[in-house]
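Asker: Questions regarding the structure given below will be posed in turn.
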Amino acid sequence: MTSAVTRPGVKRGTIPVFATATAITVSNIYFTQPLLDEIARGFHTSASTAALVATTGQIGYALGIIAIVPLADGVRLRRLSTVLLAVTAVALLAGAAAPSVALLSMATLVLSASTVLPQVIMPTIVSMATPGHAGRVLGAVGTGLTMGALLSRTAAGLIAEATGTWRAGFVVAAVATGALLLVLPRYMPADPPVRRGPRQSYPRLLASLPGLIAEHAPLRLSAALGATVFAAFSAFWSSLAFHLTAAPIALGPAVIGLFGLFSVPGALAARYSGRLADRWGARRVNALSLASVLLAFALFGAAGQSLIALAVGCNLLGYGTTSGQIANQARIFAAPPEIRARLNTVYIFAVFAGGAVGSAVAGVMFSAFGWTGVVGGGAGFVLLAGVALVAQAAHVRRRGESGPAVAGAVHPRASTEQQSKRVGNERGPAVR
């Protein structure tokens with residue numbers, strides 16, 4: 001990463017610190033997934049009941065996005081990051097001590113709601129980027145996010161195997177989250193984003209969200225694509241532990257967790273999708289993303305008992321999901337800086353609401369139809385995303401538009417001011 005990627009005055013090392021922080025914080029949502037079978041046995045309950053822990057994690061994250069992330073458009077980010085890290089660490093310790101699935105789910109809901117720093121960091125790093133490099137910095141930080149989601153599963157499985165209890169994973173996550181308190185706030189901007197008008201109150205920030213949905217077609221497209229692809233992603237990962245512990249595979253939690261490690265090459269390859277988004281535009285990267293995810297589910301269905309096929313599919317799934325996320329956020333972050341956090345609020349809420357639906361549907365489908373049901377449900381979500389992308393492309397052709405991808409996408413040679421002006425002219429005023 002060269003110095004030309006970020007604006008003058010940005011502290012050296014900000015991008016690696018942000019990438020590490022997103023990896024650690026986002027892992028708090030996913031590390032429970034390979035432990036679900038251990039949690040079910042520990043509390044003497046069913047797989048579908050234990051799956052509520054994963055589902056409440058997705059719901060909590062979506063609620064945190066709605067209630068907390070809009071604040072990033074108007075508050076001091078150093079203070080916000082400090083409070084969120086402290087709350088998350090305490091909630092993780094509460095989860096480690098939970099005496100029932102119900103209380104564990106409640107602790108997971110709280111820690112997931114407060115661990116929304118990745119979605120505060122994303123618009124922040126774009127504002128720190130030089131013109132034409134939004135996709136590149138998103139690729140770097142977004143890869144950290146995906147690596148955290150994947151490697152947290154590996155770490156959780158190994159910790160559970162070594163200690164003999166799923167509770168140790170919560171303790172380790174609390175320590176890692178607490179350690180960020182010593183580092184991350186120093187790299188966050190000292191002041192709120194510069195605003196064109198008077199500062200808006202918290203209720204007004206929240207009230208502006210529906211208007212943003214109505215005014216920004218790029219936001220609607222990104223939300224639809226993100227929700228459906230992440231539903232497929234969550235359906236796979238929330239069910240994988242049950243599939244791998246059942247006969248004839250019958251693996252332990254440590255080996256199950258290694259599937260996150262097996263997925264690292266795909267996640268690392270997705271980093272370069274940010275540069276493709278800068279060069280080709282978001283729509284083409286989205287098409288590449290959907291092809292990768294659909295191929296992954298084809299492998300899961302055709303060779304679901306083969307560990308090699310599952311590992312290859314994990315890479316395709318990780319690459320496709322991360323690439324799509326980078327393209328979706330590059331599309332929406334072409335908007336003015338003072339509304340980016342709220343645009344990201346709507347987008348990520350849709351993504352994780354889709355993830356919650358995917359986890360819930362997968363639990364039902366696995367109980368009713370086994371692994372075949374999970375694969376069919378995941379592929380169905382991907383096909384829905386394909387319909388949305390094709391419909392948007394047809395709409396663009398009908399309007400006779402041309403350009404790198406879609407209205408509002410980031411063009412590699414467009415300055416931030418030009419992008420903001422173009423988005424404003426095409427979609428109307430940014431905030432009502």
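Each value in this text was obtained by applying a stated rule to the coordinates, not by laboratory testing. In this text the structure is predicted, and so the values were computed from the model without any measurement. Don't worry about glycine lacking a Cβ; one is built from the backbone with ideal geometry, like all the others, and counts go over all protein chains shown.
Asker: If I take R0 = 56 Å and measure r between the Cβ atoms of residue 190 and residue 394 in this structure, what FRET efficiency does the formula 1/(1 + (r/R0)^6) give, to the nearest 0.05?
Answerer: With R0 = 56 Å, the Cβ-Cβ based efficiency is 0.75.
Asker: Please give the FRET efficiency for residue 79 paired with residue 204, using the beta carbon to beta carbon distance and R0 = 25 Å, rounded to the nearest 0.05.
Answerer: 0.80
Asker: Above 30 Å lies some portion of the pair distances; for the chain, what is it as a whole percent of all C-alpha pairs? Walk me through the numbers on the way to the answer.
Answerer: Working: 34901 of 93096 pairs.
Within the chain, distances greater than 30 Å cover 37 percent of Cα pairs.
Asker: For residue 367 and residue 168, FRET efficiency with R0 = 41 Å and r from the beta-carbon atoms, rounded to 0.05? Each step should come with its number before you reach the end.
Answerer: On the way: r = 28 Å, r/R0 = 0.69.
Computed FRET efficiency for residue 168 and residue 367: 0.90.
Asker: So, one more: Give the whole-number value, in cubic angstrom per residue, of the convex hull volume spanned by the C-alpha atoms of segment 1-143.
Answerer: With only Cα atoms used, segment 1-143 gives 110 Å³ per residue.
Asker: Between Rg and the Kirkwood Rh of segment 159-293, both from Cα atoms, what is the Rg to Rh ratio?
Answerer: Expressed as Rg/Rh, it is 1.06.
Asker: Run the helix sum for the chain: -39,500 (n - 2.57) per DSSP H stretch of 4+ residues, divided by residue count, reported at 222 nm to the nearest 500 deg cm²/dmol.
Answerer: Result for the chain, helices only: -25000 deg cm²/dmol.
Asker: May I pose another question? Enumerate the amide H contacts of residue 6 below 5 Å, restricted to partners 5 or more residues apart or on another chain; note that Pro and chain-start residues carry no placed amide H.
Answerer: The answer is 130.
Asker: Ordered by residue, what ³J(HN,Hα) values in Hz, to whole numbers, does segment 388-394 give under the Karplus form 6.51 cos²θ - 1.76 cosθ + 1.60, where θ = phi - 60° and Gly and Pro are x?
Answerer: Rounded to whole hertz, the list is 5, 5, 5, 4, 5, 4, 5.
Asker: Using the Karplus curve 6.51 cos²θ - 1.76 cosθ + 1.60 with θ = phi - 60°, work out ³J(HN,Hα) for each residue of segment 97-103 in order, rounded to whole Hz, and write x for Gly and Pro.
Answerer: Karplus values, whole Hz, x for Gly and Pro: 9, 4, x, 8, 5, 4, 6.
Asker: Right, here's the next one. Modelling each spin label as a point 7 Å along the Cα-to-Cβ direction, I'd like the residue 86/residue 11 distance in nm, to one decimal.
Answerer: Result for the modelled spin labels: 1.8 nm.
Asker: Helix 77-96: angle to the longest alpha-carbon principal axis of the chain, degrees 0 to 90, nearest 10?
Answerer: The two axes meet at around 10 degrees.
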